[in-house]
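Nothing in this text is a laboratory measurement; each read-out follows from the coordinates by a stated rule. Everything quoted here is computed from the prediction, not taken from an experiment. When we count neighbours, we look across all protein chains shown, and the Cβ atoms used for this are built from the backbone with ideal geometry, even at glycine.
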Amino acid sequence: MSNHKRVQRLMREMGIRTVIRKKRPYYGKKEPYVISDNHLNRDFHASKPNENWVTDMTYLIFNGPKLYLSAIKDLYNNEIVAYHISQRNDIKLVIDTLKKAIKKTECKWTPPP
């Protein structure tokens, strides 16, 4: 076992210096902006088309830039109803995906502004 003073003396004699790295900012858990009700209650089955839709977002890396993919899936037949790719992960990506799904299924719902 070495005493810390001995280590410090040896480092000084050899000209070794420590490098103190800057602390990185902490991006820990944050409160979600919107908490939605659990309408499905883990019942991922549908008896008719367009009864239950689920969505997910992911990112893809192609030769450097990151692209975000948003998809909507119909639980009746596990078909991807609509998808949209964007360079930004924002609410516009979600709304554009939802508009595509509505246009494809000809629903009479309009998204909020």
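Extending 7 Å from Cα along the Cβ direction at residue 56 and again at residue 31 yields two label points whose distance is 3.0 nm. Taking Cα atoms only, the orientation of helix 4-14 departs from the longest principal axis of the chain by about 80 degrees. Full extension of the chain between residue 24 and residue 47 yields a length gain of 3.3 nm, computed as 0.36 nm times the residue separation minus the alpha carbon distance. 3J(HN,Hα) couplings calculated from phi for region 84-90 with the Karplus curve 6.51 cos²θ - 1.76 cosθ + 1.60 (θ = phi - 60°) are, in sequence order, 8, 10, 9, 8, 10, 9, 9 Hz; Gly and Pro show x.
Per residue, the chain reaches -7500 deg cm²/dmol at 222 nm when only DSSP H runs of four or more residues are counted, each adding -39500 (n - 2.57). Computed about the Cα centre, the dipole magnitude for the chain is approximately 1320 debye when only Lys and Arg (+1) and Asp and Glu (-1) carry charge, each at its Cβ. Which is the longest run of the chain containing none of the trypsin sites (Lys or Arg not before Pro) found in DSSP loop states (not H, G, I, E, B) with at most 15 other C-beta atoms within 10 Å? Between the exposed loop sites, the longest stretch runs 43-87. Taking 7 Å steps out from each Cα toward its Cβ at residue 69 and residue 96 produces label points 1.6 nm apart. At the listed q of 0.17, 0.18, 0.26 Å⁻¹, the Debye profile of region 25-105, built from one uniform point per Cα, gives log10 I(q)/I(0) equal to -0.83, -0.90, -1.23. For region 29-113, the set of GluC sites (Glu not before Pro) satisfying both a DSSP loop assignment and a count of at most 10 other C-beta atoms within 10 Å is given as 106. Between the Cα long axis of helix 91-105 and the first principal axis of the chain there is an angle of about 30°, rounded to the nearest 10. When the chymotrypsin sites (Phe, Trp or Tyr not before Pro) in region 7-56 are filtered for DSSP coil states and for at most 13 other beta-carbon atoms within 10 Å of their beta-carbon, the remaining sites are 26, 27, 33, 44. Less than 5 angstrom separates the built amide H of residue 50 from those of 76, all sequence-distant by 5 or more or on a different chain.
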